[in-house]
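Input: a single structure, listed below in structure tokens.
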Amino acid sequence: LQFGFTTIFVAAFPLAPLLALLNNIIEIRLDAYKFVTQWRRPLASRAKDIGIWYGILEGIGILSVITNAFVIAITSDFIPRLVYAYKYGPCAGQGEAGQKCMVGYVNASLSVFQISDFENRSEPESDGSEFSGTPLKYCRYRDYRDPPHSLVPYGYTLQFWHVLAARLAFIIVFEHLVFCIKHLISYLIPDLPKDLRDRMRREKYLIQEMMYEAELERLQKERKERKKNGKAHHNEWP
């Protein structure tokens, strides 16, 4: 459970791994104290691996990569800022990215809404005259939509679809990049060292040779006993 919370939501709460580490250190020391001073020594039991938990942890790891990719792409301003810098900002088409390329980003990320288009149930109580002295006609909200006087009022703009496509592309690239790095690390750092794997193969080979030799000796012994019994039976024949 702790591993799942730590890995799946790490992009939303980056401090979670540190808190999990501190919690595990305290729990390990408390368990060690109990095993040494409070409890009787438990009986040891052999196990080849962690069993079904290996598949569960592997699945949680894959799910965490997908979840963090969606969290970064959808909830952060990382993708919209990149799209604006390279496509709509002052540096569009120049291949540059910097603070000067983000001039006008806030204005481009806000859409215009005509206050008279409010429904009666959602119309605000104040018309904004206490701020400017005259009733406000328009307000701004965060979205990528056409203005109210366009051919399709409040329809999605082309920038919205560019941002959406960039987010989906980021999710795909992020997932594949992380999985490639994971497989590369698994290849470079195998579960068993090469010398240990060679010794295990050598041990298996020697065991097979011993089994073959024991089986061969048994067959030869049975053959000799058959021949001996056959000769004895032949001598007893009248």
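The values are calculated or read from the model by the stated rules, or taken from the named source; none is laboratory data. Because the structure is a prediction, the values reported are computed rather than measured. We place every Cβ from the backbone using ideal geometry, glycine too, and count neighbours over all the protein chains shown.
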Lys87 is checked against (1) farther than 30 Å from Phe160 by Cβ; (2) in contact with a His (Cβ under 7 Å, 6 or more places away or on another chain); (3) not β-branched (Val, Ile, Thr) and fails just one. What number does that condition carry? (1)
Qualifying position, being in contact (Cβ under 8 Å) with a residue 12 or more places away in the chain, over 27 Å from Leu110 (Cβ atoms) and out of contact with any Phe, Trp or Tyr (no Cβ under 7 Å at 6 or more places or on another chain), among Gly55, Gly51, Gly61: Gly61
Which numbered condition Gly104 misses (of (1) within 29 Å of Ala166 (Cβ to Cβ); (2) small (Gly, Ala, Ser); (3) modelled with pLDDT under 85): (3)
Can you tell me which residues in the range 76-118 are in contact with a Cys (Cβ under 6 Å, 6 or more places away or on another chain), among the small types (Gly, Ala, Ser) and closer than 30 Å to Lys137 by Cβ? Gly89
Count, please, the residues in the range 135-164 that happen to be within 19 Å of Phe118 (Cα to Cα) and either assigned to a strand (DSSP E or B) or of a type in the set (Val, Ile, Thr) (or both). 8
Which fully enclosed helices (runs of 4 or more DSSP H) of the range 1-95 have 1 or more residues being hydroxyl-bearing (Ser, Thr, Tyr) and surrounded by 12 or more Cβ atoms within 10 Å (Cβ to Cβ)? 2-8, 52-75
Please verify whether Ile185 is among the aliphatic types (A, V, I, L, M), within 30 Å of Ala73 (Cα to Cα), exposed (fewer than 12 other Cβ atoms within 10 Å of the Cβ) and over 13 Å from the mean Cα position of the chain (by Cα), treating the condition exactly as stated. yes
I'm trying to understand the selection: among the residues of the range 138-176, which are in contact (Cβ under 8 Å) with a residue 60 or more places away in the chain and either more than 21 Å from the chain's Cα centre (by Cα) or surrounded by fewer than 16 Cβ atoms within 10 Å (Cβ to Cβ) (or both)? Gln159, His162, Val163, Leu168
So which residues in the range 29-53 are among the basic types (Lys, Arg) and more than 26 Å from Phe3 (Cβ to Cβ), if there are any at all? Arg40, Arg41
